[in-house]
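The structure appears right after this line, and notes come after that.
The values are calculated or read from the model by the stated rules, or taken from the named source; none is laboratory data. Model, not experiment: these values are computed from the prediction. For neighbour counting, all protein chains shown are included, and Cβ atoms are generated from backbone atoms with ideal geometry for every residue, glycine included.
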Amino acid sequence: MLIIISFLFIHWYASVFAQSFFLHRYMAHRMFTMSVFWERFFYLGTFVTQGSSFLHPKSYAQLHLEHHKHSDTKEDPHSPHFFKDVVAMMVSTARVYMEFKGGKRRSSSPYIEGLPTWGVVDRLGNNHFVRLMFCVAYTSVYVAFAPSLWWYLLLPIHFLMGPIHGAFVNWCGHKYGYRNYAINDQSRNTFIWDVLFVGETFQNNHHKYPNRLNFATRWYELDLAYPVIWTLSKMRVLTPR
């Protein structure tokens with residue numbers, strides 16, 4: 001039982017950190033710079049930790065910038081205020097993401113064309129067989145260590161880790177919680193200490209200051225990813241802009 005809980009814990013936090021640190025703060029907002037070595041390190045790390053739910057980094061960045069540009073309007077790919085439920089919102093999100101990934105849509109952001117891509121990792125990450133092998137790997141851990149079949153009900157969390165993170169952040173972060181800033185959308189801060197999504201649910205703070213590295217803006221708030229990023233900065237792994 002302890003191994004299963006530990007596996008879920010490690011997979012959850014490794015995946016959500018990769019999404020927040022690399023896809024969101026680095027790719028979409030370019031909040032810091034890194035050498036090619038470290039960029040490739042975290043690119044590969046995102047592929048490994050997201051596994052079966054790997055998101056193409058450049059397409060994710062374009063999708064996210066679309067969200068900021070049209071936040072909580074009908075053009076927003078994932079505003080909860082225009083969908084009957086979270087499933088409908090995520091279907092819309094997936095459709096827009098695939099349009100960016102397939103080249104049918106292109107972001108107007110001036111730096112999108114300069115975003116890094118890594119062909120071999122992108123091809124592996126978007127290969128259906130590779131995604132299936134990740135699912136097999138997750139299942140094998142449960143086959144080896146789950147004390148009963150009831151624990152297998154946790155497997156869909158591993159299979160759909162990225163979409164689960166995105167669904168919670170985008171649905172709850174624009175519906176539930178408090179607002180520090182009166183801005184022209186419905187963004188909220190869902191938690192005061194965001195220990196589950198490493199700062200991603202500070203949506204009101206982030207939409208007010210979209211390029212601020214620390215998503216927490218009040219003394220009592222905690223963006224769990226920021227101390228890690230601060231440490232990486234002191235280690236010269238990255239340089240804040």
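Pairs are defined by a Cβ separation below 8 Å, a sequence spacing of at least 6 or placement on different chains, a first member in segment 78-97 that is closer than 14 Å to LEU55 by Cβ, and a second member that is in a helix (DSSP H, G or I) and small (Gly, Ala, Ser); the pairs so defined are HIS78/SER92; HIS78/GLY166; MET90/GLY166; MET90/ALA167; THR93/GLY166; TYR97/SER59.
Each row is one residue, and each column tells you yes or no for (1) in a strand (DSSP E or B); (2) surrounded by fewer than 18 Cβ atoms within 10 Å (Cβ to Cβ); (3) of a type in the set (A, V, I, L, M, F, W, C); (4) within 13 Å of the chain's Cα centre (by Cα).
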| position | (1), (2), (3), (4) |
| --- | --- |
| ILE3 | no, yes, yes, no |
| LEU8 | no, no, yes, no |
| ALA14 | no, yes, yes, yes |
| SER20 | no, no, no, yes |
| HIS24 | no, no, no, yes |
| MET27 | no, no, yes, yes |
| ARG30 | no, yes, no, no |
| PHE42 | no, no, yes, no |
| PHE47 | no, no, yes, yes |
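In the set (1) under 17 Å from the mean Cα position of the chain (by Cα); (2) on the phi > 0 side of the Ramachandran plot, the condition left unmet by ASP72 is number (1).
For residues that are part of a loop (DSSP other than H, G, I, E, B) and out of contact with any Lys or Arg (no Cβ under 8 Å at 6 or more places or on another chain), scanning just segment 144-175, find the one that is nearest to PRO80 (Cα to Cα). Talk me through it step by step, then tell me what you get.
To start, the set of residues in segment 144-175 that are part of a loop (DSSP other than H, G, I, E, B) comprises 146-148, 160, 173-175.
From the residues that got through so far, the ones that are out of contact with any Lys or Arg (no Cβ under 8 Å at 6 or more places or on another chain) too are 146-148, 160.
Numbers: ALA146: 36, PRO147: 38, SER148: 37, LEU160: 20 Å.
For segment 144-175, the residue satisfying everything is LEU160.
I'm checking my understanding of the structure. Among residues of segment 70-118 that are part of a helix (DSSP H, G or I) and among the basic types (Lys, Arg), which one is surrounded by the fewest Cβ atoms within 10 Å (Cβ to Cβ)? If we take residues in segment 70-118 being part of a helix (DSSP H, G or I) and among the basic types (Lys, Arg), then ARG95 is surrounded by the fewest Cβ atoms within 10 Å (Cβ to Cβ). Look at segment 113-126: where a residue is within 20 Å of GLY51 (Cβ to Cβ) and a partner is modelled with pLDDT under 95 and of a type in the set (Lys, Arg), sitting 6+ places away or on another chain with Cβ atoms under 9 Å, you get ASN126/LYS101.
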